[in-house]
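The values are calculated or read from the model by the stated rules, or taken from the named source; none is laboratory data. Everything numeric in this text was worked out from a predicted model, so none of it was measured. Because the Cβ atoms are built from the backbone with ideal geometry, glycine has one as well, and the counts that use them run over all protein chains shown. Only protein heavy atoms, including side chains, enter the accessible area calculation; ligands, DNA and RNA are left aside. Shrake-Rupley method; radii C 1.70, N 1.55, O 1.52, S 1.80 Å.
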Amino acid sequence: MIRDISNEIVVSLKDRLRDVRHLIRASRQGAEPVPQNLPDILFGKAARAVDKALTAAETISISLVSQDPAAHSTTIEARGLAAYFPADAGTGEALFRRDIYYLTKRVLSVLGSNNALIHEATFSAVHATMIRRHAVFLRAAKEDGGLHDIATACATLAIELQSHYHCEPLTLPAHQDAQPGKDVEYLCFSSIALAIGLATYADNEPGDEKLVESALLALQARQDKFDQAIAAAEPAGALSGLFAFLIPHLP
């Protein structure tokens, strides 16, 4: 069965398709492509048609290889830490990778980065790093559920998300200008991590609440404090304090 293909292979194939589509969209927006990156037929008048074809191919691939095809057509919302880091880490990784990919895409678009290159493999690496390096924080946040523990785990997650995304080598050097600035990355991933903190603190499944949007607006409303936190010598600790202040006051 096609769905028996390993997740690692599927993620890699999907990310390579995203590379191609990113380059095509960048060329349509006026950036000059590097000739060796893709054949000439993918640029100019053919770009729009190829873009649509790749989008259709992605939809078909999801229906064939995804373990939960219907989930890709629903609105993704942040879930609690227990959903992303359960005892069965493999199950949590797949959900985390999918959710964080779509949330990142959504938030970056809201922040003005409509063609940022995002790879699902980045979030697989973040998930593994959280389990390997920060298992104590995750355990405390899930078992005790205290505000300080949740804020600490989610602030650490925000820093790991930004660090992995920012340090990921781009295979498309001609279009680095399409990537968001470091300040936008921090705001994006901090909003997502704060939303996960809200879901963890509330201890329920996502409903009609717009957790990510609420988190983004809250951080933007406290831009000075947020900027100070990410510029601190230990940004995870400083961001944790801001998260702990915000979580009880947001839906």
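Does any residue of the range 219-226 turn out to be surrounded by 18 or more Cβ atoms within 10 Å (Cβ to Cβ), at pLDDT 95 or above and under 19 Å from Val107 (Cβ atoms)? For the range 219-226, residues surrounded by 18 or more Cβ atoms within 10 Å (Cβ to Cβ), at pLDDT 95 or above and under 19 Å from Val107 (Cβ atoms): present.
Take the range 122-139 and flag every residue that is in contact (Cβ under 8 Å) with a residue 60 or more places away in the chain and either over 19 Å from the mean Cα position of the chain (by Cα) or open to solvent by 50 Å² or more (accessible area, probe 1.4 Å) (or both).
Scanning the range 122-139 gives no hits.
In the condition set (1) crowded, with 16+ Cβ neighbours inside 10 Å; (2) within 15 Å of the chain's Cα centre (by Cα); (3) not acidic (Asp, Glu), Lys142 is compliant with all but (2). Might you check whether a residue that is of a type outside the set (Gly, Ala, Ser) and in contact with a Gly (Cβ under 8 Å, 6 or more places away or on another chain) occurs anywhere in the range 97-108? The answer is no; no qualifying residue exists.
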